[in-house]
Amino acid sequence: ETSGNESDTENQPKSQHRGLLLVQSASKRNPHYQTLERDLIELQEQQLFELFVVVSLHKKASDVKYTPQIIQQFPSKPEHRFRQSKDTEERLKVIPKFCFPDPKDWFPASDLKSETFSFVLTGEDGSRWFGYCKKLLVPYYIRAVSVTGPVAFQPEGKGKRLPEVYCIVSRLGCFNLFSKILDEVEKRRELSPALVHPFMRSVMEAPFPAPGRTITVKSFLPGAGNEVMKLCRPSDSRLEHVDFECLFKCLSVSHMIRVFASLLLERRVIFVADNLSTLSKCGHAAVAILYPFTWQHTYIPVLPTSMIDIVCSPTPFLIGILSCSLPQLQDLPVEEVLIVDLCADKFLQEVSDEEEILPHKLQAALVQILEERNEILSHEQSCIQGDMPLNSLVSEAFVHFFVEIVGHYSLHMNVTEKGERVFQREPFRKSHMSRNVRHFLHFFMETQMFAGFIQDRELRKSAVKGLFEVRALEYLESIPESEPTGMNRILRTLGSKMKFRQKK
């Protein structure tokens, strides 16, 4: 085995060389990295959401197609910090397009299945807004005048109507929490549209919940009186926006691993699906498995068809498009991109080296864990705490994969005379016993994800430890000085954590 750059680079495919140059140039353009820890710190003392809008379809007599427009907004005037931002103004303008991303010619209908989905808007500074949407048919109402109370509206009939979208815009990534809020919005809207804004005002005035904490929202509901709704954030804030089950339903483990590998090298990935919900859930799940690393580039779980030219960008991205937009996509000059059909579990286009990116033995161990997930969960169901054990299992599997690769980073974090923490890059890479891992690190260490990961740990002054830091410390303490890094440790360690032993 050799450990020099020359021997590791000599035999690399030309496509990886081109990818490396692209990553290096992108890294120089963006020296400010987003990290999970920084995002969580910035969210302290924030409101639960920034904006609540209702988007409906309109057209003039001379128009052929409907155009989505914001017809209601709460609060009516955004906070001063948003008014001063041109970047934010641009994001506000495109919200209607993301609420109705499909290009279909909408016509009034008497029946439409409600749909909950989400989108992400990324600013020039890397900050993200999450949009949580519920698409419903516009209800018919009749005024019911009461001498003892306020004027109420009652639904009448089931005639043909257009859909409208209720959208909550927040800096908090927590799909389940906001889905619950939107369910309450739908319930109140069916009684009277006048009940929606008072409810959303109560939600906005509620304290920002810390991970694992529950807040209560009080509101009045005709016929039921004062109601109290409880909103809880999961203890593990990384998983509160994630549904791994949907990703497993759409993709085989082998295909999922290739998507994972492509994202690690910050390539361009496009998801294609028939509905908005699938695109949203699979996009968020794909980003979540990158922890403790944070995707730094363009991330659009659902891209409006009118903006599909974005896929021609030469920079890395993770984008979702609806299947009906596939003909337009195929007409565009898109090269070196992984196009994933989530409905058929197949690749419509690939670079062709996706299976060779990850270190082989670690990849095999990770695949085994994921393929045996149901057996693991059924065997130890009573031993696993939490409402979503699948999320915990999948998270642990990928965390231990990264622990095997970069878990020793702290051993190469030197402290200068000025007290500054400085990462020793080459000693870190060369210290790994596996040539395959060193080969992978040669490319992975040039990504913005890795740069953000290291920058965060160089600047970190507190002793706060996330799941990765805890597992990395356990990993280092478990390795005798005379024992090299074990390739099967990912199975052994995960097995002990989940009270599961690998079958021999």
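The values are calculated or read from the model by the stated rules, or taken from the named source; none is laboratory data. Fair warning: this is a prediction, and the values are worked out from it, not measured in the lab. Neighbour counts are summed over all protein chains in view; Cβ atoms, including those assigned to glycine, are modelled from backbone coordinates with ideal geometry. The area values use the complete protein model at the heavy-atom level, side chains included, leaving out ligands, DNA and RNA. Shrake-Rupley method; radii C 1.70, N 1.55, O 1.52, S 1.80 Å.
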re the stretch 244-349: pairs of Cα atoms spaced beyond 17 Å account for a percent value of 45
Which of the peptides 194-206, 178-190, 288-300, 305-317 is most tightly packed, and how do the rest follow, judged by the mean count of other Cβ atoms within 10 Å per residue? 288-300, 178-190, 194-206, 305-317
Once the other residues with Cβ under 13 Å from the Cβ of residue 222 are scored (Lys, Arg +1; Asp, Glu -1), what is the net sum? +1
Highest to lowest packing among 264-275, 108-119, scored as the average C-beta count within 10 Å: 264-275, 108-119
With a point put 7 Å past each Cα toward its Cβ, work out how far residue 104 is from residue 63 in nm, to one decimal. 1.9
Can you give the Rg to Rh ratio for the stretch 337-435, taking only C-alpha atoms and Rh from Kirkwood? 1.10
Theoretical FRET efficiency, 1/(1+(r/R0)^6), r = Cβ-Cβ of residue 310 and residue 460, R0 41 Å, to 0.05: 0.75
Dipole size in debye (nearest 20) for the stretch 393-467 around its Cα centre, Lys and Arg Cβ +1, Asp and Glu Cβ -1? 140
If the convex hull is drawn through the Cα atoms of the stretch 194-317, its volume per residue in Å³: 168
For the pair residue 334 and residue 474, what calculated FRET efficiency results from E = 1/(1 + (r/R0)^6), where r is the Cβ-Cβ distance and R0 = 51 Å, to the nearest 0.05? 0.75
Could you provide, to the nearest whole Å², the per residue accessible area of the stretch 244-349 with probe 1.4 Å? 30
What number comes out for the charge environment of residue 354, summing +1 per Lys or Arg and -1 per Asp or Glu over other residues with Cβ under 10 Å away? -2
How big is the charge dipole of the stretch 193-334 about its Cα centre, in debye rounded to the nearest 20, if each Lys and Arg gets +1 on its Cβ and each Asp and Glu gets -1 on its Cβ? 320
Can you pull the one-decimal nm distance between simple spin-label points at residue 409 and residue 72, each 7 Å off the Cα toward Cβ? 4.5
Along the positive direction of the dipole of the stretch 353-449 (beta-carbon charges: Lys, Arg +1; Asp, Glu -1; about the Cα centre), which of 416, 392, 441 reaches farthest? 416
For residue 254 and residue 430, FRET efficiency with R0 = 22 Å and r from the beta-carbon atoms, rounded to 0.05? 0.10
Place a point 7 Å from Cα of residue 274 in the direction of its Cβ. Which residues in the stretch 107-123 have their backbone N less than 18 Å from it? 112-117
